[in-house]
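For reference, the structure is listed below as structure tokens.
What follows draws every value from the coordinates through simple rules; no lab data is involved. This one's a predicted model, so the numbers in the text were calculated from it and none came from an experiment. Every residue, glycine among them, receives a Cβ derived from its backbone with ideal geometry; neighbour counts consider all protein chains shown.
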Amino acid sequence: MMNQYLHNQDYNNQDSAKENKGIKLVDQVVRSFRVAKLYRENTDRVNHMDFSSNGEMLISSAEDDQIVIYDCEKGLVKRTLNSKKYGVDLIHFTHAKNAAIHSSTKIDDTIRYLSLHDNKYLRYFPGHTKKVTTMCMSPTDDTFISGSLDKSLRLWDLRSPNCQGLMHLVGRPVAAFDPEGLIFSVGTNNENIKLYDLRSFDKGPFSTFRFSSERGDGEWTFLKFSPDGKTMMVCSNGAVIRIIDAFHGTPLQTFTISGHSNSKTVQLEASFSPDSQYVFSGSTDGFIHVWSVENGYKVCVLNADHPAPVQCVKFNPKLMMLASSCTNMVKKKFHN
């Protein structure tokens, strides 16, 4: 069976389900996260997870073509949907209630807009000719961006099946919106990140950051802004996580092979904590490794009880809750 876990603060305390507004984590709290619940809903690898913006739900996609929706406050599986015809990857909640977008793993590389209420597709977004490898929903409106192995980046609006903008790039892109939804960043060739103003992206980037390769650096697989918008994180299928100043492109921290394990060049997705002070990353050793963004030191290694590489780690934006997955889902809570 394939497992997925949630990790929460104080599993026996009902207050753990309450929203933690403006909470600032400290090392002691981070070290006290424990497995709260294990889910075995999938029979193959969980390839992506996303929390709703209000933190009430978690959605996952997996290689077994299942979409699973979890109730974060009750700790229960809310619904399971199947996408046997098209497959499913890179699933994201939209701003509409009970709707999500996802990439396809079968038939073609069309992005699909799904009603979670009745499991019906609302719209298709065709255009990419190879596998979609990056996708990001705007934090403020119905805009989203997608990047593909076809070396293109596309800008979309959920209300129209037509591509709103197209960039032809020199390599596979990784991309992300900033927390305000005004700027998006694009990384290519494992060496540069370009920043674009969403309102005038056709005029080219307003800033470009270039980087030299690090030992153990692999192919870039994820690019993220921190929730406070001050830093960016680059994940790879190697053993390096980079933390970069979002305004000047200055390298701030590099977490290398000595900090976590990725001996099998697995695509690992790390996550910022909601206060932007910590980075949580899975590894091929089945543990979750945590670093301080400001100081760069290893805070702790969390035992996630995963029997396989932990490829997805996400922190709930509103609750003291961390989700991690391999083929299992784990829920972690802080333990007093």
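Hey, got the dipole for the range 50-198? About the Cα centre, +1 on K and R Cβ, -1 on D and E Cβ, debye to the nearest 20?
Working: 17 positive and 19 negative charges, 105 e Å.
Magnitude of the dipole: close to 500 debye.
Give the range of the longest stretch in the chain that excludes all chymotrypsin sites (Phe, Trp or Tyr not before Pro) found in loop regions by DSSP and having at most 14 other beta-carbon atoms within 10 Å.
Longest run free of exposed loop sites: 1-205.
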How high is the FRET efficiency from Lys106 to Lys78, r the C-beta distance, R0 35 Å, rounded to 0.05? 0.90
Per DSSP H run of at least 4 residues, take -39500 (n - 2.57); add these up for the chain, divide by its residues and hand me the 222 nm value, nearest 500 deg cm²/dmol. -500 deg cm²/dmol
When the label point is put 7 Å from the Cα of Ser53 along its Cα-to-beta-carbon vector, which residues of the range 140-165 have a backbone N closer than 16 Å? 140-145, 157-159
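Once you have a ≥ b ≥ c as the square roots of the Cα gyration tensor eigenvalues for the range 113-226, tell me rounded if a/c is under 1.5, and otherwise prolate or oblate according to whether a/b is larger than b/c. Each step should come with its number before you reach the end.
On the way: a/c = 1.85, a/b = 1.55, b/c = 1.19.
It is prolate, given that a/c is not under 1.5 and a/b is the larger ratio.
Out of the range 60-115, which trypsin sites (Lys or Arg not before Pro) are coil in DSSP terms and have no more than 13 other C-beta atoms within 10 Å?
Lys74, Lys84, Lys85, Lys97, Lys106
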Whole-angstrom gap from the range 117-182 to the range 34-59, using each part's C-alpha centre: 23
Taking only Cα atoms and a 10 Å spring cutoff, compute GNM fluctuations for the chain and point out the largest among Ser281, Ser83, Ser61. Ser83
So, in nm, how far is label Lys85 from label Asn295 when the simple model puts each one 7 Å beyond its Cα toward the Cβ? 5.5
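Could you give the length gained by full extension between Asp142 and Asn119, i.e. 0.36 nm per residue of separation minus their alpha carbon distance, to one decimal place? Walk me through the numbers before you get to the answer.
Working: separation 23, 0.36 × 23 = 8.28 nm, distance 1.99 nm.
Extra length from Asp142 to Asn119 when fully extended: 6.3 nm.
Compute, for the chain, the length of the dipole vector about the Cα centre, with Cβ point charges of +1 (Lys, Arg) and -1 (Asp, Glu) only. Units Debye, rounded to 20. Walk me through the numbers before you get to the answer.
Numbers: 39 positive and 36 negative charges, 72 e Å.
In debye, rounded to 20, the chain gives about 340.
Quick one: of the DSSP bridges fully inside the chain, what percent are antiparallel, nearest 5? Walk me through the numbers before you get to the answer.
Numbers: 104 of 107 bridges.
The answer is about 95 percent antiparallel.
Once the cut-off is 20 Å, how many percent of the Cα-Cα pairs in the range 20-149 end up in the long-distance tail?
Working: 4010 of 8385 pairs.
Counting pairs separated by more than 20 Å, the tail of P(r) holds 48 percent.
Rounded to a whole number, what is D in µm²/s for the chain from Stokes-Einstein with the Kirkwood radius over alpha-carbon pairs (25 °C, 0.890 mPa s)? Before the final figure, lay out the partial values.
On the way: Rh = 19.7 Å.
Rounded to a whole number, D works out at 125 µm²/s.
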Check: in the range 36-103 the Lys pairs 8 or more apart or on separate chains whose Cα atoms fall under 22 Å apart number 4
Restricting the range 175-228 to trypsin sites (Lys or Arg not before Pro) in coil, as DSSP defines it, with at most 10 other Cβ within 10 Å: Arg215
